[in-house]
Ligand SMILES: Cc1ncc(COP(=O)(O)O)c(C=O)c1O
């Protein structure tokens with residue numbers, strides 16, 4: 001059996017979790033949360049990083065920090081997870097979906113300007129599979145129209161665009177540390193903030209609307225409820241799990257890349273012959289091997305492929321049903337322009353098992369089985 005995903009585990013998680021418990025500090029913002037924030041700030045050259053309870057809650061925070069007013073619109077791709085959209089609804093915005101590029105499955109930067117109205121306030125980009133969106137163009141558009149940029153970098157931890165860590169380019173970046181991600185804490189995430197102007201509001205928002213963080217730093221002598229807030233800080237037990245993984249970030253990344261490259265080598269001849277398509281990595285982008293996908297001819301071909309793999313107990317998975325065609329997408333949003341690629345390409349894509357420390361034998365089973373499908 002080859003599962004689609006196994007949560008990353010490096011072995012030191014137990015020890016750090018034990019330390020968190022022994023320190024009698026298992027609520028939020030304990031030692032391990034601070035260590036994780038610091039590691040990410042240093043490594044990714046981020047002005048501010050705050051762990052959150054999920055990637056979704058990081059997106060929630062980003063949306064609330066954008067301070068949308070009734071009627072404001074946000075541009076985003078339809079090919080993404082529900083969290084990208086639902087966070088913007090929470091923040092009070094209307095959704096305007098834009099088509100993707102077929103080569104990266106990322107928002108098509110050339111189609112963004114057409115969707116901008118006098119109500120547009122932000123662009124949410126999703127770095128699908130840890131491959132960067134065309135950020136120079138997108139940041140230029142945002143600057144020209146005075147829009148905020150939120151990077152949904154849920155899948156993009158450790159990936160870069162022209163040398164810059166994804167999540168640090170826009171106004172806000174959002175990471176996920178869900179168990180399906182390259183680095184995990186079970187459920188968790190982080191918000192990255194570019195402009196220090198937002199640090200204090202973000203702290204208050206994350207801490208139930210209180211200025212408790214200021215109090216702990218000794219900047220005020222009592223803490224109180226100062227603004228709207230929610231509870232977005234994770235337990236230090238979860239942070240302890242993540243800390244172990246961040247300490248082995250390169251090892252995890254390299255291990256995943258090794259699997260990715262083995263798949264690439266195995267499937268490249270099929271791509272060269274035109275039977276399948278593979279993920280394109282544009283120049284200047286360094287990916288993090290979050291996903292290895294292949295694109296088949298159509299929905300029927302993909303359904304048969306997934307069934308064929310499943311018959312050998314190998315679990316390949318597809319996603320996403322485009323949001324603009326989902327019930328909530330119809331209720332909350334509209335698609336700007338023509339859906340040239342979103343639906344068509346999403347129906348062709350299937351992801352192969354790819355997780356940290358996947359056994360070479362299992363990886364080869366995946367390759368052999370998939371190649372047999374194409375020979376049949
Ligand atoms: C693109 C994208 N955005 C947001 C999320 C939400 O992250 P989380 O599951 O940590 O809430 C995910 C992953 O689940 C994702 O893949």
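The values are calculated or read from the model by the stated rules, or taken from the named source; none is laboratory data. Being a predicted model, the structure only gives us computed values, none of them experimental. Ideal geometry is used to build each Cβ from the backbone, glycine not excepted, and the neighbour counts take in all protein chains shown.
Of the residues that make up the stretch 120-135, is at least one outside the structural domain of residue 318 (by TED's automatic domain parsing) and surrounded by fewer than 19 Cβ atoms within 10 Å (Cβ to Cβ)? Looking through the stretch 120-135, none of the residues is outside the structural domain of residue 318 (by TED's automatic domain parsing) and surrounded by fewer than 19 Cβ atoms within 10 Å (Cβ to Cβ). The residue that is nearest to the ligand (Cβ to nearest atom), among those in the stretch 49-66 that are within 14 Å of residue 231 (Cα to Cα) and outside any helix (DSSP H, G or I), is 54. Is it true that some residue in the stretch 72-85 is away from the ligand (no atom under 14 Å from the Cβ), in the same structural domain as residue 122 (by TED's automatic domain parsing), surrounded by fewer than 24 Cβ atoms within 10 Å (Cβ to Cβ) and in contact (Cβ under 8 Å) with a residue 12 or more places away in the chain? The answer is yes, given that some residue of the stretch 72-85 is away from the ligand (no atom under 14 Å from the Cβ), in the same structural domain as residue 122 (by TED's automatic domain parsing), surrounded by fewer than 24 Cβ atoms within 10 Å (Cβ to Cβ) and in contact (Cβ under 8 Å) with a residue 12 or more places away in the chain. Looking at the stretch 167-187, can you tell me whether even one residue there is at positive phi and within 11 Å of the ligand (Cβ to nearest atom)? Within the stretch 167-187 (the criterion being at positive phi and within 11 Å of the ligand (Cβ to nearest atom)), the answer is yes, since at least one residue qualifies. The single condition among (1) buried (at least 17 other Cβ atoms within 10 Å of the Cβ); (2) in contact with a strand residue (DSSP E or B) (Cβ under 7 Å, 6 or more places away or on another chain) that residue 358 does not satisfy is (2). Within the bounds of the stretch 235-243, is there any residue that is in a loop (DSSP other than H, G, I, E, B), outside the structural domain of residue 367 (by TED's automatic domain parsing) and in contact with a strand residue (DSSP E or B) (Cβ under 8 Å, 6 or more places away or on another chain)? Looking for residues that are in a loop (DSSP other than H, G, I, E, B), outside the structural domain of residue 367 (by TED's automatic domain parsing) and in contact with a strand residue (DSSP E or B) (Cβ under 8 Å, 6 or more places away or on another chain), one finds none in the stretch 235-243, hence no. Of the residues making up the stretch 138-166, those that are within 11 Å of the ligand (Cβ to nearest atom) and more than 13 Å from the chain's Cα centre (by Cα) number 0.
Just a yes or no: is a residue in the stretch 217-230 within 28 Å of residue 320 (Cβ to Cβ) and in the same structural domain as residue 105 (by TED's automatic domain parsing)?
Just the residues of the stretch 217-230 that are within 28 Å of residue 320 (Cβ to Cβ), to begin with: 230.
With the extra rule that they be in the same structural domain as residue 105 (by TED's automatic domain parsing), the set shrinks to 230.
Yes, the stretch 217-230 has at least one match.
Every residue, every condition in (1) modelled with pLDDT of 95 or more; (2) touching a strand residue (DSSP E or B) at 6+ places or on another chain (Cβ under 6 Å); (3) crowded, with 17+ Cβ neighbours inside 10 Å, yes or no:
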site	(1), (2), (3)
30	yes, no, yes
38	yes, no, no
42	yes, no, no
66	yes, yes, yes
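Look at the stretch 119-131: where a residue is within 14 Å of residue 157 (Cβ to Cβ) and modelled with pLDDT of 95 or more and a partner is more than 10 Å from the ligand (Cβ to nearest atom) and not in a loop (DSSP other than H, G, I, E, B), sitting 6+ places away or on another chain with Cβ atoms under 6 Å, you get 131/285.
Among the residues making up the stretch 248-283, those that are touching a helix residue (DSSP H, G or I) at 6+ places or on another chain (Cβ under 8 Å) and not in a loop (DSSP other than H, G, I, E, B) are 249, 252, 259, 262, 263, 266, 267, 270, 277, 278.
From the list 92, 55, the one residue that fits, being in contact with a strand residue (DSSP E or B) (Cβ under 6 Å, 6 or more places away or on another chain) and not assigned by TED's automatic domain parsing to the domain that holds residue 318, is 55.
If you check 324, 319 for being surrounded by fewer than 16 Cβ atoms within 10 Å (Cβ to Cβ) and either modelled with pLDDT under 95 or not in a strand (DSSP E or B) (or both), only one passes: 319. Identification of strands (runs of 3 or more DSSP E) wholly contained in the stretch 75-166 with 3 or more residues that are within 27 Å of residue 229 (Cβ to Cβ) yields 120-126, 148-152.
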